[in-house]
Amino acid sequence: MRSLASLLVLILTVFVTGCGLLPEQVDETAGWSANKLYAEAKTAMSDGAYDKAVKYFEKLEARYPYGRYAQQAQIEVAYAYYKQQEKALAIAACDRFIRLHPNHPNVDYMYYLKGLVNFNEDLGLLGHLSMQDLTERDPKAAQEAFEAFKALVTAYPESKYAKDSALRMAYLVNALASHEVHVARYYMRRGAYIAAAGRAQAALKTYPDAPANEEALFIMVKAYDVLGMNDLRDDAERVMKKNFPGSEYYKRGLNREEPWWKLW
């Protein structure tokens with residue numbers, strides 16, 4: 001047994017020693033100039049090899065932190081993560097750049113990119129492209145996208161990304177309002193009328209100009225009617241008639257031609 005133990009120790013020693021003699025992996029970028037690192041990274045980006053591009057850009061920033069390519073490398077890394085649909089990494093890269101370079105001439109783009117990351121994460125909030133129940137969706141991404149676009153439009157109104165950001169903000173406002181209205185409708189169908197009225201009212205207060213508020217008002221009218229809260233019902237109906245005089249809901253619901261639960 002002692003001989004066997006000695007043999008095992010010898011084998012282990014040889015194995016460990018042998019590992020130490022193995023050649024280390026060669027860094028292909030060793031000795032590359034900042035210009036070459038940047039060029040190779042951009043080529044990788046063009047080829048869709050985003051992992052490789054990120055690796056090169058990170059090496060570029062680490063080796064030449066004060067060179068003219070370093071800040072551009074940070075921007076490119078954020079974009080590469082965006083293309084990879086790595087939401088958390090892309091947003092972290094955008095936030096890092098904004099924090100480190102608040103006066104950079106391209107910081108507006110980083111706000112825009114941050115907005116895009118969240119916008120595309122929750123694209124389809126209105127449910128046109130998804131069968132998922134909107135009550136199961138978290139509107140957080142849409143809210144964060146709105147805040148990023150708002151920051152860009154507010155601080156950089158002359159930015160070339162401002163117009164598109166404003167259009168996306170308009171979409172997001174109605175998407176978020178639609179989410180609230182959808183939840184209110186969900187409560188109505190389950191007989192939770194107080195909760196339905198409250199959610200519809202929240203949509204009106206938070207997103208006062210959203211087209212989805214036509215249905216929010218309708219839900220309030222119906223919920224208060226079922227609850228016997230006639231004064232509140234009449235108030236909601238007056239507001240609805242003033243703001244949506246040609247509403248389809250008058251034909252189908254407010255005139256009480258059919259039960260409200262058949263209207264959706």
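Taking all protein chains together and a 1.4 Å probe, the residues Ile98, Ile219 rank Ile98, Ile219 from largest to smallest accessible area. Scalar couplings 3J(HN,Hα) for region 150-167, obtained by applying the Karplus form with A = 6.51, B = -1.76, C = 1.60 to θ = phi - 60°, are 5, 4, 5, 5, 6, 7, 9, x, 8, 4, 5, 9, 5, 4, 5, 4, 5, 5 Hz; x denotes Gly and Pro. Its relative contact order, with pairs defined as Cα atoms under 8 Å and 6+ residues apart, puts region 62-109 at 27 percent. Taking the centroid of alpha carbons for each part, region 142-168 and region 188-216 are 26 Å apart.
The values are calculated or read from the model by the stated rules, or taken from the named source; none is laboratory data. Just so you know, these numbers come straight off a predicted model, no measurement behind them. We work out accessible area using only protein heavy atoms, side chains counted, and drop any ligands, DNA or RNA first. Shrake-Rupley method; radii C 1.70, N 1.55, O 1.52, S 1.80 Å.
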